[in-house]
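The values are calculated or read from the model by the stated rules, or taken from the named source; none is laboratory data. Remember, it's a predicted structure, so these values are computed and weren't measured experimentally. Because the Cβ atoms are built from the backbone with ideal geometry, glycine has one as well, and the counts that use them run over all protein chains shown.
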Amino acid sequence: MLSIGPQLQSRLESGAPSVLLCREAGWVPLEHHVTLEAAQAARDRYARFAPVLGELFAEQGWDGVISSPLREFKGEHPSGARVLVKCDHELPLTGTIKARGGVYEVLCLVEELATKAGLLDDRSDLMALLLPEAKEMLAQTRVLVASTGNLAYSIGLAARAFGMNAEVHMSQDAKEWKKRRLRQMGVDVVEHAGDFGLALHAARDAARSDSRSYLIDDEESPTLKVGYSAGAWELAAQLEGMGVTVDASHPLFVYLPCGVGGAGGGVTFGLKKIFGPHAKCIFVEPIASAAMYLALGERGWETPPSVFDAGLDNRTIADGLAVGKVSELVVKEIGHCIDGVVALPDRHLLHWVEEAWRTQGLRLEPAAAAGLAAIAPYTQALASGIDQHAWHDLFHNGTHVAWTTGGSQLPDAEFSELLAQTTG
Ligand SMILES: *Cc1c(COP(=O)(O)O)cnc(C)c1O
């Protein structure tokens, strides 16, 4: 058993929301792997690839631009705060935040392979990637990934569109409809009886034994995090467009659902670069998978602790967050910039799936509802221990953004079942 502090342990075991406040959080990421330069290159690459993606997905009516709306929360949020919703659950085609990181790494790979093969002499014109000879060349590569469902879909979709083969290793949490939809795209789906950690090991083994394969490693890949970071710049532009000020007396609180921490880590990187200490990044996890909570609450570990060592079982209704150990890269380079972690019981996630649907018309999967569910517990915890006047100003001048990370593509039957669980 991991000797997590008795306080952490009992808080997590209580089954009530637990909040870890990192009051001393910094705002300067280490930039060993995820760098400002790479983040800028990612935004350029997305722009250069948009016409190609638009062409590949013309039938589906997508223009190739990866961006999602920022919406005002309708009515009053129970926390009393001003809440905006960053609707990545509405991202085109994939309907999850994984489109940012997963698709990005596929684009990098495609460009690299095509350049090596001499198919792209002019990088400003990527349309050559649509020619039959490019597809033929790319068909020799097999992209591998381990996933609880959503990462596999984004990567499978992009890889197949460019003509590559894709093999996904799915954990036990992966939903049937997510596997079915992958098989329909011609992706090889390998099912595992264990959790995400086990599926990841299997994918790494498979990649090692095949020289034509390329593994997109959810834990270790810096490229994924760099891809996610583009979301931060997109949010900043949208806030500016809405006239939202972010400064010392108008902090921005952003609530990010966390699995391995790559999506939130990439976004946190960008937000701290843009807003410095005025952006507060809060990661949100189901209690059963509270791996970031453990990693930041406990110091002195060699590799991030696993939830199993803390007596948690990594079983949660939020399949996108069912991860027992966070990315070491994220904790080491960006972890000190995380301002707080909220661990929530599944019933709170389900409650917010229903609430978001009924009051906002947002179709969310449980993982994606985590941000909305975390605002009240986080702001309450933050209020204790600071001067009431200071708190009042902070709270009322601040803007709270819940990042809704997936769900618009949930089939009706799946969604009704989720809603039934909240009332049943
Ligand atoms: C993957 C995922 C996340 C979290 O991303 P990580 O990089 O694993 O932290 C959040 N929400 C949904 C819906 C996801 O699929």
Could you give every pair whose Cβ atoms fall below 9 Å, whose first residue belongs to segment 351-368 and is basic (K, R), and whose second residue is within 16 Å of the ligand (Cβ to nearest atom) and part of a helix (DSSP H, G or I), counting only separations of at least 6 or pairs across chains?
R363/H89; R363/E90; R363/V353; R363/A356; R363/W357; R363/F415
Only unsatisfied item for L294, checking (1) buried (at least 24 other Cβ atoms within 10 Å of the Cβ); (2) away from the ligand (no atom under 14 Å from the Cβ); (3) farther than 26 Å from R315 by Cα, is (3)
Can you name the residue in segment 154-176 that is in a helix (DSSP H, G or I) and more than 20 Å from the chain's Cα centre (by Cα) and is also nearest to the ligand (Cβ to nearest atom) among such residues?
E176
Among residues belonging to segment 70-107 that are more than 19 Å from the chain's Cα centre (by Cα) and among the hydrophobic types (A, V, I, L, M, F, W, C), point out the one that is farthest from D319 (Cα to Cα).
A81
Name the residues in segment 109-153 that are within 31 Å of the chain's Cα centre (by Cα) and at positive phi, would you?
G149
Would you pick out the residues in segment 284-299 that are assigned to a loop (DSSP other than H, G, I, E, B) and modelled with pLDDT of 95 or more?
A290
Search segment 256-270 for residues that are farther than 13 Å from V28 by Cα and pair each with any residue that is within 7 Å of the ligand (Cβ to nearest atom) and not in a helix (DSSP H, G or I) when their beta-carbon atoms are under 6 Å apart and the residues are at least 6 apart or on different chains.
P257/T405; G259/V323; V260/D218; V260/V323; A263/I97; G264/C258
Considering residues of segment 332-374 that are surrounded by fewer than 21 Cβ atoms within 10 Å (Cβ to Cβ) and over 30 Å from A413 (Cβ atoms) only, the residue nearest to the ligand (Cβ to nearest atom):
K332
Which residue is surrounded by the fewest Cβ atoms within 10 Å (Cβ to Cβ), if the candidates are limited to segment 297-320 and must be at positive phi and touching a residue at least 12 places away in the same chain (Cβ under 8 Å)?
G311
Criterion: more than 19 Å from I375 (Cβ to Cβ), more than 14 Å from the ligand (Cβ to nearest atom) and modelled with pLDDT under 95 - qualifying residue of E240, E302, E234
E302
